[in-house]
Amino acid sequence: MKLNVVTHNPGKVKEYQSALGEYGLEMVHVNREYDEVQTPYLEEVVDKGIKQLSKEGLTDFMIDDSGLFVNALKGFPGVYSAYGQKTIGNKGILKLMGGVEDRSAVFKCCIGCRIGDQTVIVTGNCPGYITYEERGTEGFGYDPIFTPNGSLSFAEIPLEEKNVISHRGVALRLLIDELKNRNII
Ligand code: IMP
């Protein structure tokens with residue numbers, strides 16, 4: 001079955017293909033816009049996105065939204081993570097966290113699928129901590145300032161290892177379980 005992946009990022013299409021290909025799903029990249037509603041919840045962004053794209057006539061598709069939620073910053077940058085990365089960046093987050101003892105944070109990834117007349121929305125979490133300085137050269141975005149266990153940052157571990165524990169990896173496994181439960185795959 002063909003599944004349209006609505007994203008501007010071709011890297012995501014590859015990642016989904018490698019996780020879902022063995023279940024007979026063939027990813028098709030659809031580079032198309034949908035509105036991202038103003039809400040603190042990724043699930044709401046994804047739910048509204050699915051409804052909009054369905055209304056516009058798109059069928060059999062998936063979308064996702066992810067972000068880094070820092071507890072001491074009341075969840076910032078959260079749903080604004082892409083904007084936060086472009087504006088204040090990792091240095092800006094570290095500055096905001098200067099002198100802050102509670103370093104806890106969580107990476108979240110929400111994936112939504114509309115297949116036939118069924119909607120599946122799952123969220124994967126990866127809890128961890130904000131580091132005191134940028135570390136490592138792997139990965140992207142907030143990887144150099146996030147550590148899942150208080151030692152190495154996401155930018156200091158190989159991608160395959162990150163995928164096992166990351167918010168996206170967790171969300172993908174939840175998605176596969178739910179699609180299996182519903183006999184979609
Ligand atoms: P998106 O919704 O997957 O495009 O993610 C939004 C933003 O969250 C990205 O632009 C990154 O700044 C950040 N982000 C999401 N996932 C990760 C990750 O695994 N590592 C680092 N930053 C991430």
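The values are calculated or read from the model by the stated rules, or taken from the named source; none is laboratory data. Since the structure is predicted, the reported quantities are computational estimates derived from the model, not experimental observations. Cβ coordinates were reconstructed from backbone atoms using ideal geometry, including for glycine residues, and neighbour counts include every protein chain displayed. What goes into the accessible areas is simple: the full protein's heavy atoms, side chains included, and nothing from ligands, DNA or RNA. Shrake-Rupley method; radii C 1.70, N 1.55, O 1.52, S 1.80 Å.
Inclusion of C126 among residues that are more than 15 Å from the ligand (Cβ to nearest atom), assigned to a strand (DSSP E or B) and open to solvent by less than 50 Å² (accessible area, probe 1.4 Å) is not warranted. When the stretch 157-185 is filtered for residues that are among the β-branched types (V, I, T) and either open to solvent by 70 Å² or more (accessible area, probe 1.4 Å) or within 14 Å of the ligand (Cβ to nearest atom) (or both), the ones remaining, listed by number, are I157, V164, I165, V170.
The condition (being open to solvent by 70 Å² or more (accessible area, probe 1.4 Å), at positive phi and among the basic types (K, R)) is satisfied by just one residue among K74, K14, K2, K91: K74.
The one condition from (1) in contact (Cβ under 8 Å) with a residue 60 or more places away in the chain; (2) more than 10 Å from the ligand (Cβ to nearest atom); (3) open to solvent by 10 Å² or more (accessible area, probe 1.4 Å) that G112 does not meet is (3).
So, restricting to helices (runs of 4 or more DSSP H) that lie completely within the stretch 1-111, which ones have at least 2 residues that are within 14 Å of the chain's Cα centre (by Cα) and under 24 Å from L174 (Cβ atoms)? Working first, answer last.
Values: elements: 10-20, 42-55, 81-86, 89-96.
Passing ranges, in order: 10-20, 42-55, 81-86.
Restricting the search to the stretch 63-78, which residues are near the ligand (Cβ under 10 Å from one of its atoms) and among the aliphatic types (A, V, I, L, M)?
We begin by selecting, within the stretch 63-78, every residue near the ligand (Cβ under 10 Å from one of its atoms); these are 63-68, 77-78.
Once the filter is applied, which keeps residues that are near the ligand (Cβ under 10 Å from one of its atoms) and among the aliphatic types (A, V, I, L, M), the stretch 63-78 yields I63, L68.
Just one of the listed residues (F154, F146, F140) is open to solvent by 70 Å² or more (accessible area, probe 1.4 Å) and within 10 Å of the ligand (Cβ to nearest atom), namely F140.
Close Cβ contacts (under 8 Å, 6 or more residues apart or on different chains) running from residues in the stretch 69-90 that are under 20 Å from V45 (Cα atoms) to residues that are of a type in the set (K, R) comprise F69/K108.
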